[in-house]
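No lab work stands behind these numbers, since they all come straight from the coordinates. The shown structure was predicted, so the numbers you read here are calculated from the model rather than taken from an experiment. Don't worry about glycine lacking a Cβ; one is built from the backbone with ideal geometry, like all the others, and counts go over all protein chains shown.
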Ligand SMILES: [Zn+2]
């Protein structure tokens, strides 16, 4: 499921990257795996290697990401 909202959110690093307020939710009904990420998450991981802080609503645990996306 993709939830597309109006507006943009800036990257907190000092450059001009702005991301759409789009949130994607992946749910695997067979395994029960669930993962949610934003456009900003993609940028933060790719450009900064940052998965957001522990306790953050949009924190992505790297091991969970690997398990959900790259394994059955
Ligand atoms: Zn950035």
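Using helices alone, I'd like the mean residue ellipticity at 222 nm for the chain: each DSSP H run of four-plus residues gives -39500 (n - 2.57), total over residue count, nearest 500.
Counting only the DSSP helices, I get -7500 deg cm²/dmol.
Would you kindly calculate the mean projected area, averaged across all directions, of the convex hull enclosing the Cα atoms of the range 4-43, in square nanometres?
3.2 nm²
What spacing in nm lies between the two simple spin-label points modelled at residue 54 and residue 67, each 7 Å away from Cα in the Cβ direction?
Modelled inter-label distance: 1.6 nm.
Return a whole-number percent for the relative contact order of the chain, with Cα pairs under 8 Å and 6 or more residues apart as the contact set.
Over the chain, the number comes to 21 percent.
Once R0 is set to 30 Å, what does the formula 1/(1 + (r/R0)^6) return for the Cβ-Cβ distance between residue 30 and residue 8, expressed as a FRET efficiency to the nearest 0.05?
It comes out at approximately 0.30.
In Å, what Rg and Dmax follow from the Cα atoms of the chain?
Over the chain's Cα set, Rg and Dmax evaluate to 12.9, 41 Å.
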